[in-house]
């Protein structure tokens, strides 16, 4: 079953930022033959971007796996938070 989040009120738009490395893979599985972002995550981003009440932005961090992606995302996250608090 796929659950849908309720739509925001008309005129409201929520920023959605997705950051992922192009060298991520599940623990215990071999890394991808070629670096590439997760197809499942990219499909989710595409689906979310179809909503008019979401502003979806995807950033692929080249050469990074999951752990390093987490650390590298902090500057972007802090910048977004600062923008939201100033708004």
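Things to note:
- Restricting the first member to segment 46-74 and to residues that are at positive phi and in contact (Cβ under 8 Å) with a residue 40 or more places away in the chain, and the second to residues that are in a loop (DSSP other than H, G, I, E, B) and surrounded by 16 or more Cβ atoms within 10 Å (Cβ to Cβ), the beta-carbon pairs closer than 9 Å and six or more apart or on different chains are 63/22; 63/23.
- Index of the failed condition, residue 40 passing every other in (1) assigned to a helix (DSSP H, G or I); (2) free of Cβ contacts under 8 Å to residues at least 60 places away in the same chain; (3) surrounded by 10 or more Cβ atoms within 10 Å (Cβ to Cβ): (3)
- Residue 31 vs. criteria loosely packed, with under 15 Cβ neighbours inside 10 Å and touching a helix residue (DSSP H, G or I) at 6+ places or on another chain (Cβ under 8 Å): no
- Among the residues making up segment 55-70, those that are buried (at least 16 other Cβ atoms within 10 Å of the Cβ) and assigned to a strand (DSSP E or B) are 56, 58, 60, 61.
- Test for residue 45: is it in a helix (DSSP H, G or I), at pLDDT 90 or above and under 27 Å from residue 10 (Cα atoms): yes
- Residue within segment 3-13 that is surrounded by 13 or more Cβ atoms within 10 Å (Cβ to Cβ), part of a helix (DSSP H, G or I) and either touching a strand residue (DSSP E or B) at 6+ places or on another chain (Cβ under 6 Å) or without any contact (Cβ under 8 Å) to a residue 60 or more places away in the chain (or both) present: no
The values are calculated or read from the model by the stated rules, or taken from the named source; none is laboratory data. Only a predicted model underlies this, so the values are computations on that prediction, with no experimental measurement involved. Note that each Cβ is placed from the backbone with ideal geometry, even for glycine, and that neighbours are counted across all protein chains shown.
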